[in-house]
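Notes follow the structure.
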Amino acid sequence: MCLYVFLAKHFNCNTSVLIAMANQLATKTLDDKEDVFGKDFFDSGQHAPGTFDSYSFDEYCLSFKPLSEIIKKHFNPKRVLDVGCAKGSFVYAFRALGIEAFGVDVSEYAISCAPKILQPFLSAVDLDKERLPYNDNSFDFITFFGSIEYLRNHRHAIAEIERVMVNGGSLLLTTIYKRPKGDVYRINAHNKAFWIKEFNGRWNVPTVYYGFMSDYFRRPTISSSNLSKLKGFIFGKSRFSDKLFVHLWDFSAALHILDYGVILLTLKKS
């Protein structure tokens with residue numbers, strides 16, 4: 001406030017006018033999401049925290065293919081929604097398995113980069129304030145990868161996910177637990193305990209949790225992360241060791257040691 005008073009005196013104008021102008025500028029910056037999540041966000045050629053230097057549809061298809069197969073193995077979904085679908089790679093992977101899949105993303109640019117044959121199944125939606133363009137009880141599985149941390153109004157998004165999810169449907173969410181230094185995009189990073197509390201009430205951990213998560217950590221990825229190398233070195237490839245790794249992962253998340261996590265929940269509406 002002292003700064004506004006100083007500026008008002010210096011420029012001979014009303015303090016309330018300056019505050020209103022500042023608020024309007026901040027709102028425009030936050031709400032003009034097509035500018036924020038446009039080409040510079042996905043394909044700038046220069047990596048900044050929270051963005052991509054080049055978001056390759058084909059590379060993400062390779063990454064999502066084994067994951068979509070794991071989801072089909074454990075849940076056998078009929079209709080899937082990918083929230084934060086970007087260019088539609090996950091949707092493509094599900095459809096390649098014969099699963100009816102759709103995607104939503106805030107970025108019209110990203111959707112325009114998806115293959116033409118895929119675009120009818122993708123929709124531009126701002127889940128900070130807009131409704132999902134689907135009827136109630138439309139999906140039995142929803143993926144929400146690396147997106148909730150970009151939202152300011154995640155409770156609206158959760159309410160919409162609950163609305164379009166069938167009773168007994170499941171949600172697979174990944175998110176960062178800590179906001180990296182210099183990251184101006186992922187404003188909503190919290191630890192696992194926070195998110196479990198936000199989803200508390202009608203959401204429960206499914207009975208297939210450890211079996212699914214074991215397969216999740218064993219799946220092939222585009223590149224081998226240090227965490228995957230450490231897992232392989234310590235625990236090998238046995239089912240028991242994978243389950244132990246999941247326990248240790250959850251334990252580390254509870255202690256706020258990890259900065260990235262995976263959350264799997266099932267919705268019980270009644």
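Since every read-out is calculated from the coordinates, none of them should be taken as a lab result. Worth saying up front: this structure is predicted, and the values here are computed from it rather than measured. In this analysis, Cβ positions are derived from the backbone assuming ideal geometry, glycine residues included, and neighbour counts consider all displayed protein chains.
Exposure proxy ranking for Phe121, Phe41, based on other Cβ atoms within 10 angstrom of each Cβ and starting from the fewest, stands as Phe121, Phe41. When restricted to Cα atoms, region 37-88 yields an Rg and a Dmax of 13.7, 39 Å, respectively. Ordering of 76-87, 43-54, 158-169 by packing is 76-87, 158-169, 43-54, highest average first (other Cβ atoms within 10 Å, averaged per residue). Rounded to whole numbers, the Karplus 3J(HN,Hα) couplings from phi for region 58-65 are 5, 5, 6, 4, 4, 6, 7, 4 Hz, using 6.51 cos²θ - 1.76 cosθ + 1.60 with θ = phi - 60°, and x at Gly and Pro. Evaluating 6.51 cos²θ - 1.76 cosθ + 1.60 at θ = phi - 60° for every residue in region 123-139, the Karplus couplings come out as 9, 8, 9, 9, 6, 6, 8, 9, 7, 5, x, 9, 6, 4, 6, 9, 10 Hz, glycine and proline recorded as x. Shown is the FRET efficiency for Asp128 and Leu62, computed with R0 = 41 Å from the Cβ-Cβ distance and rounded to the nearest 0.05: 0.85.
Can you pick out the pairs among Lys192/Lys268; Lys33/Lys129; Lys33/Lys197; Lys33/Lys87; Lys39/Lys87 whose Cα atoms lie more than 18 Å from each other? Let's see the in-between values first.
Values: Lys192/Lys268 20 Å; Lys33/Lys129 12 Å; Lys33/Lys197 28 Å; Lys33/Lys87 16 Å; Lys39/Lys87 12 Å.
Listed pairs above 18 Å: Lys192/Lys268; Lys33/Lys197.
Taking K and R as +1 and D and E as -1, what net charge do the other residues with C-beta under 14 Å from the C-beta of Gly98 add up to? Each step should come with its number before you reach the end.
Working: positive: Lys65, Lys72, Lys73, Lys78, Arg79, Arg95; negative: Glu69, Glu100.
Local net charge: +4.
Taking a sphere under 9 Å around the Cβ of Glu162 and counting the other residues whose Cβ falls inside, with K and R at +1 and D and E at -1, yields a net charge of +2.
Work through the residues other than Trp195 whose Cβ is under 15 Å from its Cβ and net out their charges, Lys, Arg +1 and Asp, Glu -1. It would help to have the intermediate numbers written out before the result.
On the way: positive: Arg155, Lys178, Arg179, Arg186, Lys192, Lys197, Arg202; negative: Glu149, Glu162, Glu198, Asp250, Asp259.
Computed value for this residue: +2.
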